[in-house]
Amino acid sequence: MDKKPRSPIVAERDDMIGRKMPDGRGDQSGSKSAAGSSGTIKTLAILTFVGLILGGGFGWIQYQDLLKKHVSLQERFDLLESRLSSTDESVTQSGAAMQINISKHKDELKKHWSEIRKLWGVANDTNKTKIANNKKDISFLANKRIALQDSIKVLEKKVAKESSSISDVSINYLALTAELDKANQNQRDTIDQLNRLRAALAKTDREMTNNADAIEAMDSFRRSMTQKIYELE
């Protein structure tokens with residue numbers, strides 16, 4: 001049921017004329033009833049107004065709190081967005097710088113690799129030329145060694161022949177002293193010449209050995225460098 005206060009019924013002027021005037025007690029009771037109803041309405045209105053004010057104040061406080069939270073969240077979001085943007089820019093710049101460095105390193109590597117190939121080509125050609133020259137020297141020394149060996153054989157035969165002659169003339173030693181001295185001198189000269197030839201042969205052998213060692217060292221170096229080049233590729 002509706003509990004709102006009802007407005008008091010007030011008699012119209014015509015109605016009051018047609019009726020008898022109530023006594024004093026009835027007028028006093030009606031006045032009190034009307035005054036009580038009016039006070040209740042005012043109280044309810046005041047309470048309603050106060051409630052509205054309190055509700056509005058509470059709502060305003062809630063609104064301000066939500067607004068502060070919204071502003072705080074917006075600031076945090078903007079800060080996070082700024083950091084993410086800075087991070088993206090830094091990553092992009094770092095990636096670009098890294099790409100530039102990689103490109104530079106690749107160019108430097110190609111340049112150094114080209115220089116290595118050039119130097120290796122020059123060194124290889126030089127070594128090939130030296131090896132060819134050493135092979136020619138070895139061939140020449142080998143032929144010279146053969147010639148020296150032939151000369152030694154001839155001299156050995158000559159020494160043997162002169163030794164035989166010395167043996168033959170030793171019987172007539174006294175008569176053939178001069179010839180014996182001459183033969184001995186010739187023999188000493190022949191032996192000296194033979195020793196010189198043997199020394200020359202030994203020197204030739206040492207030169208051949210040194211050249212062979214040099215060729216082996218060059219071949220070993222060339223093989224080692226070639227292997228390193230292949231490994232670098």
Self-check item: Some residue of segment 115-124 being touching a Lys or Arg at 6+ places or on another chain (Cβ under 7 Å) and modelled with pLDDT under 80
Solution: yes
Practice problem: Working only within segment 197-233, note down all residues that are among the polar types (S, T, N, Q) and either within 19 Å of Lys130 (Cα to Cα) or over 31 Å from the mean Cα position of the chain (by Cα) (or both). | Solution: Thr204, Thr209, Asn210, Asn211, Ser220, Ser224, Thr226
Quiz prompt | Residue satisfying condition, being loosely packed, with under 13 Cβ neighbours inside 10 Å, more than 60 Å from the chain's Cα centre (by Cα), at pLDDT 80 or above and small (Gly, Ala, Ser), within set Ala160, Ala175 | solution = Ala160
Exercise. Just need a number here: residues in segment 178-221 that are under 23 Å from Glu156 (Cα atoms), exposed (fewer than 15 other Cβ atoms within 10 Å of the Cβ) and touching a residue at least 12 places away in the same chain (Cβ under 8 Å).
Key: 4
Quiz item: List pairs: first in segment 114-132 and surrounded by 10 or more Cβ atoms within 10 Å (Cβ to Cβ), second assigned to a helix (DSSP H, G or I), Cβ under 6 Å, 6+ apart or cross-chain?
Solution: Asn127/Met218; Asn127/Arg222; Ile131/Ile215; Ile131/Met218
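The values are calculated or read from the model by the stated rules, or taken from the named source; none is laboratory data. Since we're looking at a predicted model, the values are computed, not measured. So basically every Cβ, Gly included, is an ideal-geometry build from the backbone, and we count neighbours across all protein chains shown.
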